[in-house]
1. Given the condition modelled with pLDDT of 85 or more, within 16 Å of ligand 2 (Cβ to nearest atom) and either open to solvent by less than 20 Å² (accessible area, probe 1.4 Å) or not assigned by TED's automatic domain parsing to the domain that holds residue 321 (or both), answer yes or no: does some residue in the range 240-249 qualify?
2. Which residue, of 39, 81, is buried (at least 17 other Cβ atoms within 10 Å of the Cβ) and within 28 Å of the chain's Cα centre (by Cα)?
3. Identify, from the list 290, 296, 272, the residue that is open to solvent by less than 70 Å² (accessible area, probe 1.4 Å) and at pLDDT below 90.
4. Could you please let me know if residue 313 is part of a strand (DSSP E or B), in contact (Cβ under 8 Å) with a residue 24 or more places away in the chain and not aliphatic (A, V, I, L, M)?
5. For the range 149-184, name all the residues that are more than 14 Å from ligand 1 (Cβ to nearest atom) and closer than 20 Å to residue 280 by Cβ.
6. Would you point out the residue of the range 98-107, among those that are part of a helix (DSSP H, G or I) and in contact with a Ser or Thr (Cβ under 7 Å, 6 or more places away or on another chain), that is surrounded by the fewest Cβ atoms within 10 Å (Cβ to Cβ)?
7. Out of the helices (runs of 4 or more DSSP H) lying entirely within the range 108-207, which hold 2 or more residues that are within 13 Å of ligand 2 (Cβ to nearest atom) and surrounded by fewer than 16 Cβ atoms within 10 Å (Cβ to Cβ)?
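The values are calculated or read from the model by the stated rules, or taken from the named source; none is laboratory data. Computed from a predicted structure; not experimentally measured. Backbone-built Cβ (ideal geometry, glycine too); neighbour counts: all protein chains shown. These accessible areas exclude ligands, DNA and RNA; they are computed on the full protein's heavy atoms, side chains included. Shrake-Rupley method; radii C 1.70, N 1.55, O 1.52, S 1.80 Å.
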Amino acid sequence: ETFDVTNIGVHLKAKEFNQILEDPNTIVVDFRNHYESEIGHFKGAITPDVETFRESLPIINEQLKDFKEDKNLVMYCTGGIRCEKASAYFKHQGFKNVFQLEGGIINYAKQIKEENIESKFIGKNFVFDHRLGERITDDIVSQCHQCGKPCDNHTNCLNDGCHLLFIQCDDCKAAMENCCSTECLEITHLPLAEQVKLRRGKQVGNKVFRKGKSENLKFKHSGELSDKPLAVANKTNDIRQKIKVKKVLLGKAEHYYVKAQVGLFVIENQELNVGDKILISGPTTGNEELVLEKMLVNGIENSVAKIGDKITFEVPFRVRLSDKLFKIIG
Ligand SMILES: [Zn+2]
Ligand SMILES: [Zn+2]
């Protein structure tokens with residue numbers, strides 16, 4: 001209401017956008033949210049660590065306040081709508097040279113294909129449909145939030161009371177049954193009536209696209225992002241699958257001893273008994289099943305381990321710190 005929203009920046013098509021990015025006098029800003037820029041962005045772009053578009057406006061205004069007269073402020077978003085508002089805002093704030101990508105990344109992707117021009121956008125364009133992302137280049141620039149492996153597939157936590165948006169690789173998807181944390185995994189194993197009871201009266205904190213941040217996600221990146229591709233996407237590997245196995249997560253690896261082939265695990269859930277069939281699963285280890293014959297519980301041989309106990313037992317393979325311990329049921 002306080003400024004002219006029709007006084008917008010200069011619209012640029014893909015070719016012109018590429019040209020202005022080459023200009024050393026250009027500052028390019030991504031006006032999307034952190035979970036969008038994480039899986040793909042223009043090379044050299046400023047990617048504000050924000051959850052809403054509105055939040056990024058004063059941050060950028062402050063960050064670029066000394067460049068209002070002489071730099072090109074170039075902006076982009078998914079479909080071009082957000083930039084219409086942002087460019088009017090920045091012109092009102094006194095920026096002299098304001099430009100925006102016409103039709104956003106969606107239109108840019110079309111044009112570079114049709115006109116066969118180089119993509120200065122790397123990775124995936126986040127979109128709000130079931131795919132949660134459209135690949136623009138084969139570069140994978142983000143990591144699985146759980147194991148750190150190069151990955152740019154977003155998913156929502158299977159626990160309906162959580163529904164956190166996060167990046168999960170196929171191995172972690174299998175091991176964690178599409179959940180964001182051991183807590184959520186445990187909840188999904190409860191009868192539905194109990195799950196509903198747990199949710200009652202509580203705000204669904206991580207609902208769909210709102211947040212996408214959790215302390216459980218060790219490899220989540222936002223704010224300053226790297227332009228270096230971590231891997232090349234495997235074209236045939238796009239078939240997503242849900243794996244349902246009858247198993248319950250007990251805990252995770254704390255330490256391993258290379259020579260003795262002994263694994264140290266901490267029990268975080270339920271209990272473990274000698275004679276149980278167990279599964280040790282992780283991105284490098286794969287899935288190793290064995291029957292527990294003997295274990296040390298907090299340093300002493302025992303036949304049962306409960307929550308909080310540290311257990312060690314012999315394994316015929318190498319255990320990694322990213323490995324998880326499951327009990328196989330039935
Ligand atoms: Zn992973
Ligand atoms: Zn969750």
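1. Within the range 240-249, the subset modelled with pLDDT of 85 or more is 248-249.
Subsequent filtering for residues that are within 16 Å of ligand 2 (Cβ to nearest atom) retains 249.
Subsequent filtering for residues that are either open to solvent by less than 20 Å² (accessible area, probe 1.4 Å) or not assigned by TED's automatic domain parsing to the domain that holds residue 321 (or both) retains 249.
Taking every residue of the range 240-249 in turn, at least one turns out to be modelled with pLDDT of 85 or more, within 16 Å of ligand 2 (Cβ to nearest atom) and either open to solvent by less than 20 Å² (accessible area, probe 1.4 Å) or not assigned by TED's automatic domain parsing to the domain that holds residue 321 (or both).
2. Working: 81 fails: buried (at least 17 other Cβ atoms within 10 Å of the Cβ).
It is 39.
3. Details: 296 fails: at pLDDT below 90; 272 fails: at pLDDT below 90.
Just one listed residue meets the conditions, 290.
4. Details: part of a strand (DSSP E or B): yes; in contact (Cβ under 8 Å) with a residue 24 or more places away in the chain: yes; not aliphatic (A, V, I, L, M): yes.
So residue 313 passes the test.
5. Across the range 149-184, the qualifying residue is only 182.
6. The initial filter retains those residues of the range 98-107 that are part of a helix (DSSP H, G or I), namely 104-107.
Remaining after also requiring in contact with a Ser or Thr (Cβ under 7 Å, 6 or more places away or on another chain): 104-106.
Working: 104: 20, 105: 27, 106: 16.
My answer is 106.
7. Passing ranges, in order: 192-199.
Yes/no matrix, rows are residues, columns are (1) touching a Gly at 6+ places or on another chain (Cβ under 6 Å); (2) over 26 Å from residue 142 (Cα atoms); (3) at pLDDT below 90:
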residue	(1), (2), (3)
8	no, yes, yes
17	no, no, no
23	no, yes, no
26	no, no, no
38	no, no, no
45	no, no, no
49	yes, no, yes
56	no, no, yes
